[in-house]
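The values are calculated or read from the model by the stated rules, or taken from the named source; none is laboratory data. Nothing here was measured: the structure is a model prediction, and the numbers come from that model. Neighbour counts run over all protein chains shown; Cβ positions are idealised from the backbone, glycine included.
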Amino acid sequence: MDIKLKKKASPYGVKVPENKLSDKIPIEPAPLPDKVVIPLQQNIGAPCKATVKKGERVLVGQKIGDSDKFVSAPIHATVSGEVTGTKMVINPPTGQLVNALIITADGKDEWLELDVPQSPESLPVKELLTRIRGAGIVGLGGAAFPTQVKLSPPPDKPIDTVILNGCECEPYATSDHRVMLEYGEKMLRGLNIIRKILDPKAVYIAIEDNKEDAISHLEKLIANSEFRDDFKIVPLKSKYPMGAEKTLIKMLLGREVPIGKLPLDAGVVVHNASTAKAIYDAIYEGKPLIERVVTITGAVKQPKNLLTRFGTSIGSLINYCGSMNKGANKLIMGGPMMGIAQFDLDFPVVKGTNCLVVQESKLREEHDCIRCGKCIEVCPMGLMPTDLARYAKAGRYDECKEKYIDDCVECGACAFTCPANIPIVQYVKVAKKELAKGATR
Ligand code: SF4
Ligand code: SF4
């Protein structure tokens with residue numbers, strides 16, 4: 001198979017200031033929290049029901065929530081201690097209120113005995129999928145889609161290509177970058193598990209060329225491993241949103257994912273670098289997903305990449321980084337392009353939290369559209385962002401639907417480039433929510 005556009009820049013998207021303040025800072029474990037707040041839904045799909053009760057003692061890695069729905073992922077305790085209550089929190093991927101369990105830590109960090117297979121390499125595919133689901137793994141690039149579902153394409157949709165997404169195109173974020181550098185070998189073994197499950201003809205590792213150290217490190221690891229004939233690294237020109245799945249597939253393979261369809265409709269499955277590392281942990285070490293690397297950056301004293309237990313409050317992580325700089329007034333979970341502003345420092349880190357950016361932000365006044373067409377030029381999905389914003393603002397949601405609003409990946413490239421400061425993505429989000437409720441006008 002040909003790699004058509006290696007090292008070329010996407011004709012779409014925008015060049016954004018990268019601000020990778022923490023890309024040279026090694027991962028360190030965040031302090032163990034005294035208390036965790038663990039939402040019972042941290043993924044796209046069905047929420048979990050609690051499998052433990054108030055007053056119960058739990059161990060690290062013990063399952064505390066699960067669902068019998070196919071598109072779901074169980075949730076595990078991230079500290080040892082006692083379940084002391086519940087509270088309602090917002091689920092970042094869906095924006096809806098979900099129930100969360102509060103666990104007060106006992107400081108012992110006592111783990112459940114892990115079920116480590118004797119010969120991980122020889123586990124059958126069914127067993128691999130069962131273990132990946134059991135570990136609660138979801139896409140760690142931010143989308144939080146249950147991984148075993150993505151690894152179970154329907155039989156009439158054969159997958160010929162797997163792409164490991166190491167682009168991390170969102171400004172500021174460096175968690176995947178550090179995972180590739182510090183856990184590269186484990187990540188490659190996790191990728192090999194993905195390969196074993198999907199049996200594709202080709203496996204590519206896509207990395208933006210602003211991560212030269214990760215590219216050369218992984219090239220060396222692959223050259224000295226049994227994967228040397230199987231995994232190919234493809235450096236891509238850094239341009240936002242190169243890491244969006246459909247952009248990546250187009251740039252790497254020259255394939256279009258049809259409007260309203262998924263990558264698997266183009267014979268491709270894309271997984272994130274940190275997800276592959278989590279698959280390694282689950283299969284080789286029997287570890288459920290209880291922590292991830294989170295970049296804390298922007299207007300903080302000392303940006304860091306912290307290996308953080310889920311349920312840790314975002315405020316405690318910011319304090320650990322020496323607190324916010326004077327004048328900082330905005331906290332974004334995810335990153336400035338696709339992230340979600342947070343208003344509560346008690347909000348917990350969840351599976352989809354790759355980055356927390358503190359900013360000194362000025363209010364930008366929205367003006368009328370001047371029909372310059374810049375937003376259309378940069379949209380990686382070939383949409384008409386100006387129309388989407390106009391219809392959404394007027395509540396004409398059925399017309400948003402006709403303009404393929406469902407295909408908007410909410411990358412924010414249009415809003416970034418708009419000279420009228422129109423918050424296009426916010427309008428899109430509102431329209432999508434209204435459409436999901438069945439509203440048309
Ligand atoms: S319309 Fe959606 S996909 Fe297109 S640039 Fe704007 S946010 Fe990105
Ligand atoms: S970039 Fe902004 S001002 Fe220009 S057409 Fe798009 S919405 Fe209108």
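For region 413-421, does any single residue satisfy the condition of being within 16 Å of ligand 2 (Cβ to nearest atom) and over 30 Å from Leu21 (Cα atoms)? No: region 413-421 contains no residue that is within 16 Å of ligand 2 (Cβ to nearest atom) and over 30 Å from Leu21 (Cα atoms).
For the structure I just gave you, tell me whether Thr308 is within 29 Å of Leu101 (Cβ to Cβ), in contact (Cβ under 8 Å) with a residue 40 or more places away in the chain and assigned to a loop (DSSP other than H, G, I, E, B).
Taking the combined requirement at face value, the residue does not satisfy it.
Taken together, Gly85, Gly45, Gly65 contain a single residue that is part of a strand (DSSP E or B), under 30 Å from Lys196 (Cα atoms) and outside the structural domain of Asn192 (by TED's automatic domain parsing), which is Gly65.
Within region 339-384, the residues that satisfy the criterion of being within 14 Å of ligand 2 (Cβ to nearest atom) and under 30 Å from Thr295 (Cα atoms) are Arg364, Glu365, Cys375, Val378, Cys379.
Take the conditions (1) touching a Lys or Arg at 6+ places or on another chain (Cβ under 7 Å); (2) not in a strand (DSSP E or B); Val269 misses just one of them, which is (2). Among residues of region 364-382 that are more than 10 Å from ligand 1 (Cβ to nearest atom), those with a beta-carbon under 8 Å from a residue that is basic (Lys, Arg) at least six positions away or on a different chain give the pairs Cys369/Arg390.
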